[in-house]
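Enquirer: Got a structure for you, questions after.
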Amino acid sequence: RPVFEATGVGKTYANGTVALTDVDIDIREGEFVSLVGPSGCGKSTLLRMIAGLGQGTEGEMRWWEQDFGAVGQAGRKLAFVFQEAALMPWATVARNVELPLRLSGQRKNAEQVEEALEMVGLQDFRNAYPRELSGGMQMRVSIARALITKPNLLLMDEPFGALDEMTRAKLNQELLELWERLRWTVVFVTHSVYESVFLSTRVVVMAARPGRVLDDIVIDAPAPRS
Ligand code: ADP
Ligand code: ADP
């Protein structure tokens with residue numbers, strides 16, 4: 001089932017910058033798609049458009065075969081992970097992870113928080129504060145906070161870009177193992193070809209000036225859930 005489809009999509013910003021031209025892309029359920037390309041090729045612009053933030057200036061986009069608005073909040077459960085873990089410094093790890101549930105008015109979240117912390121191996125740090133954690137651990141908290149909502153589309157914008165190389169490799173391995181277990185649909189922005197090939201079932205290669213899709217490579221069709 002298609003999660004997202006773009007046909008002939010272009011984006012020109014108000015200042016005249018042509019960020020994307022003629023982009024055709026489709027993302028199917030259970031795929032781990034990475035968008036890879038040099039700085040300025042429009043990866044973040046495309047990711048934001050997939051998130052329904054910002055319209056194209058040309059072309060057509062569909063989410064679950066509908067317009068973004070028509071899908072409705074409940075149908076399009078999106079979660080974002082950015083390069084900055086962006087945790088609340090005054091709140092514990094557990095509180096940070098719980099945040100999306102609280103924002104949607106949910107109570108009695110302890111079990112889901114534990115489950116999310118377990119996914120990223122941070123159960124023993126539930127009462128720690130972000131400043132007590134390493135960069136890699138903070139990013140794990142950020143991933144747990146995204147996963148707790150059970151998103152049907154997870155958007156990751158260069159999530160490990162600020163980490164040192166060893167930590168980055170470790171988190172890539174963990175993310176891959178987690179995805180193999182859970183099989184959400186992921187769009188992952190990176191400028192690392194290595195990372196994109198390591199993680200994805202599909203690599204969309206982009207180029208700059210103007211931003212466009214050069215190639216769309218299926219690495220591995222997602223196996224059915226076991
Ligand atoms: P990437 O994520 O691949 O680095 P971006 O999507 O951030 O690329 O940017 C694509 C192009 O659009 C770049 O030339 C960038 O300078 C420009 N751009 C991004 N955001 C804006 C904006 N809000 N207004 C004008 N130009 C922008
Ligand atoms: P980074 O991912 O930033 O490199 P590490 O994961 O290496 O950070 O962790 C930094 C320190 O925290 C290490 O001493 C590591 O043993 C410890 N640590 C990290 N994750 C856990 C965990 N899940 N349980 C216990 N200790 C951990």
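Enquirer: Does any residue in the range 112-132 that is modelled with pLDDT of 95 or more come within less than 6 Å, Cβ to Cβ, of a residue that is within 9 Å of ligand 2 (Cβ to nearest atom) six or more places away or on a different chain, and which pairs are these?
Expert: Taking only residues 6 or more apart or on different chains, the pairs are Leu117/Gln123; Val120/Arg140; Leu122/Arg140; Pro130/Gln138.
Enquirer: Just to check your reading of the model, which residue among Val187, Val113, Val120 is touching a helix residue (DSSP H, G or I) at 6+ places or on another chain (Cβ under 9 Å) and within 16 Å of ligand 1 (Cβ to nearest atom)?
Expert: It is Val187.
Enquirer: Only one of (1) in contact with a Lys or Arg (Cβ under 7 Å, 6 or more places away or on another chain); (2) surrounded by fewer than 16 Cβ atoms within 10 Å (Cβ to Cβ) is not met by Asp67, so which one is it?
Expert: For Asp67, the failing item is (1).
Enquirer: I need a count of the residues in the range 106-122 that are within 14 Å of Arg145 (Cα to Cα) and open to solvent by 60 Å² or more (accessible area, probe 1.4 Å).
Expert: 5
Quick grid of which residues meet (1) under 16 Å from Ser34 (Cβ atoms); (2) of a type in the set (A, V, I, L, M):
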site	(1), (2)
Ala116	no, yes
Gly135	no, no
Asp157	yes, no
Asn172	yes, no
Glu180	yes, no
Trp184	yes, no
Val197	yes, yes
Val205	yes, yes
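Enquirer: On to the next question. Taking the residues in the range 1-49 that are under 20 Å from Thr185 (Cα atoms) and acidic (Asp, Glu) as candidates, determine which candidate is nearest to the chain's Cα centre (by Cα).
Expert: Glu31
Enquirer: Turning to a different aspect of this structure: Restricting attention to helices (runs of 4 or more DSSP H) lying wholly within the range 113-215, give those where 3 or more residues are within 16 Å of ligand 2 (Cβ to nearest atom) and among the charged types (D, E, K, R).
Expert: Helices (runs of 4 or more DSSP H) meeting the threshold: 165-182.
Enquirer: When you look at Ala146, is it open to solvent by less than 10 Å² (accessible area, probe 1.4 Å), in contact with a helix residue (DSSP H, G or I) (Cβ under 9 Å, 6 or more places away or on another chain) and more than 16 Å from ligand 1 (Cβ to nearest atom), yes or no?
Expert: So Ala146 fits the description; yes.
Enquirer: Being part of a loop (DSSP other than H, G, I, E, B) and free of Cβ contacts under 8 Å to residues at least 12 places away in the same chain: is that true of Gly105 here?
Expert: Yes: the conditions hold for Gly105.
Enquirer: Report, ordered by the first and then the second residue, all pairs with beta carbons closer than 8 Å, sequence separation of six or more or different chains, a first member in the range 154-179 that is surrounded by fewer than 17 Cβ atoms within 10 Å (Cβ to Cβ), and a second member that is outside any loop (DSSP other than H, G, I, E, B) and small (Gly, Ala, Ser).
Expert: Ala162/Gly135; Asp164/Gly135; Thr167/Gly135; Thr167/Gly136; Lys170/Gly136
Enquirer: If the Cβ limit is 7 Å and pairs must be 6+ apart or interchain, which residue in the range 51-77 that is within 25 Å of Ala14 (Cα to Cα) and in a loop (DSSP other than H, G, I, E, B) pairs with which residue that is open to solvent by less than 40 Å² (accessible area, probe 1.4 Å) and among the aliphatic types (A, V, I, L, M)?
Expert: Between residues of the range 51-77 that are within 25 Å of Ala14 (Cα to Cα) and in a loop (DSSP other than H, G, I, E, B) and residues that are open to solvent by less than 40 Å² (accessible area, probe 1.4 Å) and among the aliphatic types (A, V, I, L, M), the close pairs are Ala51/Leu155; Gly56/Val9; Gly56/Met49.
Enquirer: Which of the following residues is under 17 Å from Phe80 (Cβ atoms) and of a type in the set (A, V, I, L, M): Leu155, Leu163, Leu122?
Expert: Being under 17 Å from Phe80 (Cβ atoms) and of a type in the set (A, V, I, L, M) holds for just one of Leu155, Leu163, Leu122, which is Leu155.
Enquirer: Report every pair of residues separated by at least 6 positions or lying on different chains whose Cβ atoms are under 6 Å apart, first residue within the range 13-29 and open to solvent by 90 Å² or more (accessible area, probe 1.4 Å), second assigned to a loop (DSSP other than H, G, I, E, B).
Expert: Listed by first residue and then by second, the contacts come to Glu29/Arg1; Glu29/Thr185.
Enquirer: Is there a residue in the range 86-101 that is touching a residue at least 24 places away in the same chain (Cβ under 8 Å), under 23 Å from Met49 (Cβ atoms) and open to solvent by less than 60 Å² (accessible area, probe 1.4 Å)?
Expert: yes
The values are calculated or read from the model by the stated rules, or taken from the named source; none is laboratory data. Note that the structure is a prediction, hence the values are computed from the model and not measured. As a convention, Cβ positions derive from the backbone with ideal geometry for all residues, glycine included, and neighbour counts pool all protein chains shown. The accessibility values were calculated without ligands, DNA or RNA, using every heavy atom of the protein model including side chains. Shrake-Rupley method; radii C 1.70, N 1.55, O 1.52, S 1.80 Å.
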